[in-house]
Amino acid sequence: MSSIPVCIDISHHQGYPDFDQVRASGVLGVIHKATEGSNFIDDARAENLANAKRAGLGIATYHWLKPGDARSQIEFYLSVVDPEQGERVVIDYEEDGCTLHMLKEAVQALLDYGSDLQISVYSGHLLKEQLGDNVDDFLAEHTDLWLAQYASESSISWPSGTYPQWSLWQYSETGEVPGIDDSYVDLDNFNGSAAEFLRWINPKGGIPMPVPSPEPSEVVSVAITAPEQVGVRVMINGKVVRDRPLRPAKRGPDIVR
């Protein structure tokens, strides 16, 4: 598996990345947190996605679903994002207390919005435990799966009765990508080719983005091992390219501000 993923997912915890560097590293897409619950807005989303799109990256957003009224949460998300026709939208389904009824209520709210939205469900153990081997026809028809599981690809498992295959797989929450220097980042691989990923993440029916050809270059690999609490300064040809200690990216609900 390549050390540079096809896709990364971020939130305000990653600050404001240099997306030209992210793009140059080989990443093709960014999925950004937009909202959580009924009143939290990720204030880095708009600027980050505008810059990511300008750098040539495919973009999408997600809503962190909390226990409670799922429809009102999705209506809040839609009012913030205002998705275009055929846009990829994601329901982050991982918080304890959420139920399949809430998830399907959220999916239905996206369907009722119209605009032929492409709906993905992000989840790990929660959806797997709730679905088991059962086939949920509603979810199978209207959604695909973005799996979160930190294991080798040969050992991952998911609710395959409903989702015969996963579309996107988050395989690490402690990744490093050029252009994001002050936090670890989630790394994701796609179950298909680069061209298929770009069709997946971009609005349905839009003009497909070309898959870039890598520029030929000589690569020098250097491995550095250091405790997390120790700062690391990396210089290449006299230029500092990293001068901050990494800190783990936060996973879990945000505190409403």
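The values are calculated or read from the model by the stated rules, or taken from the named source; none is laboratory data. Keep in mind the model is a prediction, meaning the values are calculated, not measured. For neighbour counting, all protein chains shown are included, and Cβ atoms are generated from backbone atoms with ideal geometry for every residue, glycine included. Each accessible area value is taken on the protein alone, full model and side chains, heavy atoms only, with ligands, DNA and RNA left out. Shrake-Rupley method; radii C 1.70, N 1.55, O 1.52, S 1.80 Å.
Before moving on, here are some points about what is shown:
- Tally of residues being more than 20 Å from N189 (Cα to Cα) and either in contact with a Leu (Cβ under 7 Å, 6 or more places away or on another chain) or surrounded by fewer than 16 Cβ atoms within 10 Å (Cβ to Cβ) (or both) across the stretch 2-17: 2
- Checked against (1) among the aliphatic types (A, V, I, L, M); (2) in contact with a Phe, Trp or Tyr (Cβ under 6 Å, 6 or more places away or on another chain); (3) assigned to a loop (DSSP other than H, G, I, E, B), V27 passes all but condition (2).
- No other residue among K128, K66 is open to solvent by 10 Å² or more (accessible area, probe 1.4 Å), in a helix (DSSP H, G or I) and modelled with pLDDT of 95 or more apart from K128.
- Some residue of the stretch 182-200 being under 22 Å from L57 (Cα atoms), in contact with a Leu (Cβ under 8 Å, 6 or more places away or on another chain), modelled with pLDDT under 95 and of a type in the set (D, E): yes
- Positions within the stretch 79-107 being among the β-branched types (V, I, T) and either in contact with an Asp or Glu (Cβ under 6 Å, 6 or more places away or on another chain) or open to solvent by 30 Å² or more (accessible area, probe 1.4 Å) (or both), in sequence order: V80, T99
- The numbered conditions (1) surrounded by fewer than 20 Cβ atoms within 10 Å (Cβ to Cβ); (2) part of a loop (DSSP other than H, G, I, E, B) are all true for R71 except (2).
- If you check V90, V107, V80 for being within 29 Å of T174 (Cβ to Cβ), touching a strand residue (DSSP E or B) at 6+ places or on another chain (Cβ under 7 Å) and assigned to a helix (DSSP H, G or I), only one passes: V80.
- Residue satisfying condition, being under 24 Å from H12 (Cα atoms) and either surrounded by 15 or more Cβ atoms within 10 Å (Cβ to Cβ) or at pLDDT below 95 (or both), within set G114, G26: G26
- Some residue of the stretch 166-183 being over 19 Å from the mean Cα position of the chain (by Cα), open to solvent by less than 70 Å² (accessible area, probe 1.4 Å) and not polar (S, T, N, Q): no
- Residue within the stretch 37-55 that is closer than 17 Å to N189 by Cα and among the basic types (K, R) present: no
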